[in-house]
Amino acid sequence: MKYDFETVVNRSKLGSSKWSKMTAINPNVGPDIVPFSTADMEFKNAPEIIEGLKKYVDEMVFGYTGPTDAYYESVINWMTRHHGFTPKKEWIVTTPGVVPAIKDLIMALSKPGDGVLITPPVYHPFRMSIVSAGRDPVESPLIDCGGTYKIDFEDFEKKVSQPNVKLFVLCSPHNPVGRVWTKEELEKISEICLKHDVFVIDDEIHFDLIMPGYKHVSMATLKPEYFNNCALCTAPSKTFNIAGLQVSNIFIPNDDRRKIFTDYIGMSRLNAIAYKACELAYNNCEEWLSEVIKVIDANRQYVEDFMAEKLPEIKVYRLEGTYLLWFDCRALGLDKDALETFMQQEAQLFMDEGYIFGTGGEGFERIVLACPKKVIADAMDRLYNAVQRLKASRK
Ligand SMILES: Cc1ncc(COP(=O)(O)O)c(C=O)c1O
């Protein structure tokens, strides 16, 4: 490997949200414990970003700053090279994050009381954004096929055709279940939504993190009428671990919808460093990305092998995309609170509990695989030992 994916960086004093959360849960957590909850990476940023920003800080004048032509070019070129479509510059709306964009899209494109569809278990801020916007969350739960999930299309169409449903928030690839939706699935979703005049908020934030053997299909590459019925939400933040810089690119090809959105958000100004980090990442970090995907995939393999051999009652679900592995702990026979306590206190494992992702999530855990191998191996050992103690206590 050209890059360092082995050094463990202690982020406990760096303001990292997930490290702070871990310390709040257990102030006496051991010095070697690394948390696995919030979706960011335990790797240092690519040197191309660090060095590029250093140079930028030396040269820049930090007055009010907007996206430059070079910025737009880097975004357009990334989409062209990696996602098979060449966006027009005017489609791009920059926002300080995908979650704020989703909330603002909901506010701008629906009325209080309207229904907004989600497919749980799904990234929990979707539901939180719908509820805090005063809209009605409508659910079409995914079907758990044991090891993977699919969309229940019959139920999906039933929900989409409810007269109050105006929006669908799609997670593609899907956090937390790790699905990379196929072209056929996405076409079916798009067709149903178009037929019932339901606009798609298409969160593709994990679109660069696709495991070997799978292919992400962006909504932007489907029929123009499908893309025209959607707001495609993207960011370099997951891909290059720069979520703390808050930069995302929302593509809205439909002029009317885009105007409603931009009128709603008003003057959306990001900070100068955010734009530059995105530009540096998209222009210079392809090799870093291909290496990080190998590291994530190797960690996935490690966990799968470990569980199959040592903890076969825990079922690991198939990871097609994202760096978030989903596994089923229901066979441990603990209710949701007991499972959480067991993981955090007994196993010293601070993951995202499945229940936070809504219907169908209870009894599951989501672990971040984007960390040094040693961190994953230690975590598996702690889990194994804790399960042995649990079994012994039941004898
Ligand atoms: C599906 C999904 N959307 C959005 C986000 C966060 O987006 P942002 O940090 O740009 O608000 C995450 C982070 O985990 C995510 O998994």
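Are there any helices (runs of 4 or more DSSP H) wholly within the range 1-110 with 3 or more residues that are not charged (D, E, K, R) and not assigned by TED's automatic domain parsing to the domain that holds Ser218, and if so which? Correct list: 17-25, 47-59. Scan the range 207-238 for residues that are more than 11 Å from the ligand (Cβ to nearest atom), outside any loop (DSSP other than H, G, I, E, B) and under 17 Å from the mean Cα position of the chain (by Cα) and jot them down. Ile210, Met219, Ala231, Leu232 - these are the residues of the range 207-238 that are more than 11 Å from the ligand (Cβ to nearest atom), outside any loop (DSSP other than H, G, I, E, B) and under 17 Å from the mean Cα position of the chain (by Cα). Of note, Phe126 does not satisfy the criterion of being under 23 Å from the mean Cα position of the chain (by Cα), over 26 Å from Glu157 (Cβ atoms) and outside the structural domain of Ile356 (by TED's automatic domain parsing).
From Glu309, Glu304, Glu340, which residue is part of a helix (DSSP H, G or I), farther than 30 Å from Asn45 by Cα, assigned by TED's automatic domain parsing to the domain that holds Pro35 and touching a strand residue (DSSP E or B) at 6+ places or on another chain (Cβ under 6 Å)?
Result of the check over Glu309, Glu304, Glu340: Glu340.
Looking at Val61, Val75 in this structure, which one is within 16 Å of the ligand (Cβ to nearest atom) and over 30 Å from Asp378 (Cα atoms)? Every option except Val75 fails the conditions. In this structure, is Ser17 within 23 Å of the chain's Cα centre (by Cα), closer than 24 Å to Ile296 by Cβ and free of Cβ contacts under 8 Å to residues at least 60 places away in the same chain? Yes: the conditions hold for Ser17. From the residues in the range 126-136 that are within 21 Å of Trp326 (Cβ to Cβ) and surrounded by 18 or more Cβ atoms within 10 Å (Cβ to Cβ), which one is nearest to the ligand (Cβ to nearest atom)? Checking each candidate, the answer is Phe126.
Within the range 255-276, is there a residue that is under 19 Å from the mean Cα position of the chain (by Cα), more than 16 Å from the ligand (Cβ to nearest atom), touching a residue at least 60 places away in the same chain (Cβ under 8 Å) and part of a helix (DSSP H, G or I)? Within the range 255-276 (the criterion being under 19 Å from the mean Cα position of the chain (by Cα), more than 16 Å from the ligand (Cβ to nearest atom), touching a residue at least 60 places away in the same chain (Cβ under 8 Å) and part of a helix (DSSP H, G or I)), the answer is no, since none of the residues qualifies. Output yes when any residue across the range 324-342 is in contact with a Gly (Cβ under 8 Å, 6 or more places away or on another chain), surrounded by 21 or more Cβ atoms within 10 Å (Cβ to Cβ) and at positive phi, and no when none is. There is no residue in the range 324-342 that is in contact with a Gly (Cβ under 8 Å, 6 or more places away or on another chain), surrounded by 21 or more Cβ atoms within 10 Å (Cβ to Cβ) and at positive phi.
Just name the residue that is nearest to Leu109 (Cα to Cα) out of those in the range 147-180 that are surrounded by fewer than 24 Cβ atoms within 10 Å (Cβ to Cβ) and among the hydroxyl-bearing types (Ser, Thr, Tyr). It comes out as Ser161.
Among the conditions (1) touching a helix residue (DSSP H, G or I) at 6+ places or on another chain (Cβ under 8 Å); (2) surrounded by fewer than 18 Cβ atoms within 10 Å (Cβ to Cβ), the only one that Leu369 does not satisfy is (2). Checking each residue in the range 21-42 for being more than 16 Å from the ligand (Cβ to nearest atom) and not acidic (Asp, Glu) picks out Met22, Thr23, Ala24, Ile25, Asn26, Pro27, Asn28, Val29, Gly30, Pro31, Ile33, Val34.
Selection within the range 137-164: residues that are free of Cβ contacts under 8 Å to residues at least 40 places away in the same chain and among the basic types (Lys, Arg). The member of this set that is farthest from the ligand (Cβ to nearest atom) is Lys158. Going through the range 95-125 one residue at a time, which ones are surrounded by fewer than 22 Cβ atoms within 10 Å (Cβ to Cβ) and of a type in the set (Val, Ile, Thr)? Residue satisfying the conditions is Val99 alone.
The values are calculated or read from the model by the stated rules, or taken from the named source; none is laboratory data. Worth saying up front: this structure is predicted, and the values here are computed from it rather than measured. Ideal geometry is used to build each Cβ from the backbone, glycine not excepted, and the neighbour counts take in all protein chains shown.
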